[in-house]
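Enquirer: Can you read through this structure? Questions will come right after.
The values are calculated or read from the model by the stated rules, or taken from the named source; none is laboratory data. Note that the coordinates shown come from a computational prediction; the quantities given were computed from them, not determined experimentally. Ideal geometry is used to build each Cβ from the backbone, glycine not excepted, and the neighbour counts take in all protein chains shown. Heads up: the accessible areas ignore ligands, DNA and RNA and are worked out on the full protein's heavy atoms, side chains in. Shrake-Rupley method; radii C 1.70, N 1.55, O 1.52, S 1.80 Å.
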Amino acid sequence: MVTKIPIDKIAVPADIKLVNRQKILETFLDGEKQTTAAIHEMTGISKPTIMRALQYFCEKGMLKSAGFGGVTSSGGRKSEYFVFADNRRILSIALWPDAVTLALSGLVGNEVYAIAHYDHILDNSLEAAFLYLQKCVQTYLAEQNVTISDLYGVALSVAGTVDYGTGVLRYNSHAPGWGVNIPLVEHLKSIFGDKCVFFVDNSGKATGRAILLDYPQFAECRLLTVFTTWGVSSCMIERGHILNGRDSLIGEIGHMQISDVHTGQCGCGKHSCLESAIRLEHVREILEKENAPWLNDEPLSFKALFDHSRQGDEAARKVVRYLAHCFAAALHNLSLAYNQEIVVFQGDFAWADDYFDRCLKEELDEFRYYPSGDCFTTVYDKRELPALAARGGASQLRKRFFSSMAFD
């Protein structure tokens with residue numbers, strides 16, 4: 001089948017009007033009030049066009065007047081301010097293996113609030129998982145004095161590969177009992193009804209999206225975020241665009257096989273995967289062989305491991321060197337296909353010490369195609385993952401709202 005792309009289509013006045021309206025509305029994304037003059041400076045659109053659009057949005061209830069700025073030095077009245085007026089909320093849900101996290105945000109601004117965690121062990125029964133989720137949502141919305149009718153949309157982040165066109169979860173190795181090709185949007189509708197807008201995202205991509213909210217300069221490069229907690233995945237962002245691939249497998253680096261590491265079978269069905277090679281249980285096995293003196297004195301976590309490595313503990317440093325080797329192998333292979341310029345570690349490995357970073361860079365520097373000491377920049381982001389996922393998911397729904405307004 002051959003698809004022909006028209007080359008003679010030109011913009012008609014109606015198209016230009018819609019584009020201008022969208023640009024004008026998007027100036028309110030940060031939640032700040034705006035004047036005609038400020039919008040003109042940001043967009044270059046003529047002031048009469050802006051004034052007509054502002055009137056249109058006020059009539060639709062999307063904007064409202066925020067009053068005038070007072071009196072000018074010459075005695076004249078200052079410009080009128082306008083502000084976003086749609087008070088509907090976005091509910092972000094992280095349905096993760098160890099907890100359900102809920103958070104609210106508005107249709108403007110980048111922050112989330114009222115973050116609540118509900119501990120659980122993800123049930124292998126999809127029905128049981130969503131029954132628990134429904135109870136959490138009912139409790140949470142009642143506590144926040146919010147009803148489902150107050151919501152514009154719901155953003156759900158889960159482990160596994162997602163079909164972004166349909167909201168179908170292809171597979172979740174942390175809940176294999178869910179099966180394959182799970183219509184998560186339909187399950188969300190059973191809780192929220194048909195009027196909400198839904199967005200389903202992979203957890204690692206959701207946290208990766210949040211990085212661009214705080215570091216917009218990263219949108220000008222090839223960025224790789226590495227999600228490390230109950231699993232390992234990544235978000236590859238090239239010039240601000242997130243790469244997914246046909247089956248949304250791009251970014252599932254936890255299932256990249258490390259040839260010289262032999263561990264048990266991974267949840268994906270393969271052996272020697274990065275995710276299984278660096279799991280905390282395997283770290284404990286190595287520390288026990290090394291007779292780490294502190295191992296039985298405190299709960300084992302990656303943060304504790306890196307703290308002991310930072311203090312110079314030899315057993316801890318042996319494990320850290322091993323972990324750096326595993327990531328160096330994966331990141332080396334990724335460089336050959338993606339050539340990332342910045343790598344941001346999120347979650348457990350955000351607490352890595354300088355020794356981990358040094359071991360990682362030393363091993364990568366053995367690759368002669370890298371200029372010496374210049375493989376890529378590493379960033380360690382210690383912020384809470386569920387909050388990042390909530391912000392990332394909400395940002396997508398916010399974009400959908402501003403880009404899909406039905407203008408007359």
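Enquirer: Can you tell me which condition Asp365 does not meet? The list is (1) farther than 17 Å from Arg279 by Cβ; (2) modelled with pLDDT of 95 or more, and all the others hold.
Expert: It fails just one condition, (2).
Enquirer: Just checking, how many residues over the stretch 102-118 are open to solvent by 10 Å² or more (accessible area, probe 1.4 Å) and either touching a Cys at 6+ places or on another chain (Cβ under 9 Å) or farther than 30 Å from Met62 by Cβ (or both)?
Expert: Taking the stretch 102-118 and keeping what is open to solvent by 10 Å² or more (accessible area, probe 1.4 Å), we get 106, 108-118.
Filter once more, keeping what is either touching a Cys at 6+ places or on another chain (Cβ under 9 Å) or farther than 30 Å from Met62 by Cβ (or both): 116-118.
Looking only at that region, the number is 3.
Enquirer: Please list, ordered by first then second residue, the pairs with beta carbon atoms under 6 Å, 6 or more apart or interchain, first in the stretch 369-392 and at pLDDT below 95, second open to solvent by less than 20 Å² (accessible area, probe 1.4 Å).
Expert: Partner pairs satisfying both residue conditions: Cys375/Leu364; Phe376/Gln340; Phe376/Val343.
Enquirer: Please go through (1) charged (D, E, K, R); (2) loosely packed, with under 14 Cβ neighbours inside 10 Å; (3) at pLDDT 95 or above; (4) farther than 20 Å from Ala206 by Cα for Arg321 and return the number of the only condition it doesn't satisfy.
Expert: Going through the list (1) charged (D, E, K, R); (2) loosely packed, with under 14 Cβ neighbours inside 10 Å; (3) at pLDDT 95 or above; (4) farther than 20 Å from Ala206 by Cα, Arg321 breaks only (2).
Enquirer: Related question: Can you tell me which residue in the stretch 119-142 is farthest from Pro97 (Cα to Cα), limited to those that are open to solvent by 80 Å² or more (accessible area, probe 1.4 Å) and free of Cβ contacts under 8 Å to residues at least 24 places away in the same chain? Spell out the reasoning first.
Expert: Restricting attention to the stretch 119-142, the residues satisfying the condition of being open to solvent by 80 Å² or more (accessible area, probe 1.4 Å) are 119, 121, 124, 127, 131, 135, 138.
Subsequent filtering for residues that are free of Cβ contacts under 8 Å to residues at least 24 places away in the same chain retains 119, 127, 131, 135, 138.
Working: Asp119: 9, Glu127: 15, Leu131: 15, Lys135: 17, Gln138: 20 Å.
Top of the filtered list is Gln138.
Enquirer: What are the residues in the stretch 332-360 that are open to solvent by less than 50 Å² (accessible area, probe 1.4 Å) and among the charged types (D, E, K, R), if any?
Expert: If the condition is that a residue be open to solvent by less than 50 Å² (accessible area, probe 1.4 Å) and among the charged types (D, E, K, R), then Asp348, Asp353, Asp357 are the ones that fit.
Enquirer: Given (1) closer than 28 Å to Asn202 by Cβ; (2) of a type outside the set (Gly, Ala, Ser); (3) buried (at least 21 other Cβ atoms within 10 Å of the Cβ), where does His308 come up short, assuming only one miss?
Expert: Of everything listed in (1) closer than 28 Å to Asn202 by Cβ; (2) of a type outside the set (Gly, Ala, Ser); (3) buried (at least 21 other Cβ atoms within 10 Å of the Cβ), His308 misses just condition (1).
Enquirer: Between Ala337, Ala390, Ala330, which is under 15 Å from Ile278 (Cβ atoms) and under 23 Å from the mean Cα position of the chain (by Cα)? Please lay out each step first, then the result.
Expert: Working: Ala337 fails: under 15 Å from Ile278 (Cβ atoms); Ala390 fails: under 15 Å from Ile278 (Cβ atoms).
Going through Ala337, Ala390, Ala330 in turn, just one is under 15 Å from Ile278 (Cβ atoms) and under 23 Å from the mean Cα position of the chain (by Cα): Ala330.
Enquirer: Assuming Arg398 fulfils every condition listed in (1) open to solvent by 20 Å² or more (accessible area, probe 1.4 Å); (2) of a type in the set (D, E, K, R); (3) closer than 20 Å to Tyr215 by Cβ apart from one, which condition is it?
Expert: (1)
Here's the yes/no breakdown for (1) closer than 24 Å to His325 by Cα; (2) modelled with pLDDT of 90 or more; (3) open to solvent by 10 Å² or more (accessible area, probe 1.4 Å):
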{"residue": "Phe218", "(1), (2), (3)": "no, yes, yes"}
{"residue": "Leu224", "(1), (2), (3)": "yes, yes, no"}
{"residue": "His241", "(1), (2), (3)": "no, yes, yes"}
{"residue": "Asp247", "(1), (2), (3)": "no, no, yes"}
{"residue": "Ile250", "(1), (2), (3)": "yes, no, yes"}
{"residue": "Gln257", "(1), (2), (3)": "yes, no, yes"}
{"residue": "Thr263", "(1), (2), (3)": "yes, no, yes"}
{"residue": "Glu288", "(1), (2), (3)": "yes, yes, yes"}
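Enquirer: Right, next: Given the criterion among the basic types (Lys, Arg) and either touching a residue at least 40 places away in the same chain (Cβ under 8 Å) or in contact with a His (Cβ under 8 Å, 6 or more places away or on another chain) (or both), identify the matching residue among Arg239, Arg246, Arg209. Break it down stepwise before answering.
Expert: Values: Arg239 fails: either touching a residue at least 40 places away in the same chain (Cβ under 8 Å) or in contact with a His (Cβ under 8 Å, 6 or more places away or on another chain) (or both); Arg246 fails: either touching a residue at least 40 places away in the same chain (Cβ under 8 Å) or in contact with a His (Cβ under 8 Å, 6 or more places away or on another chain) (or both).
Every option except Arg209 fails the conditions.
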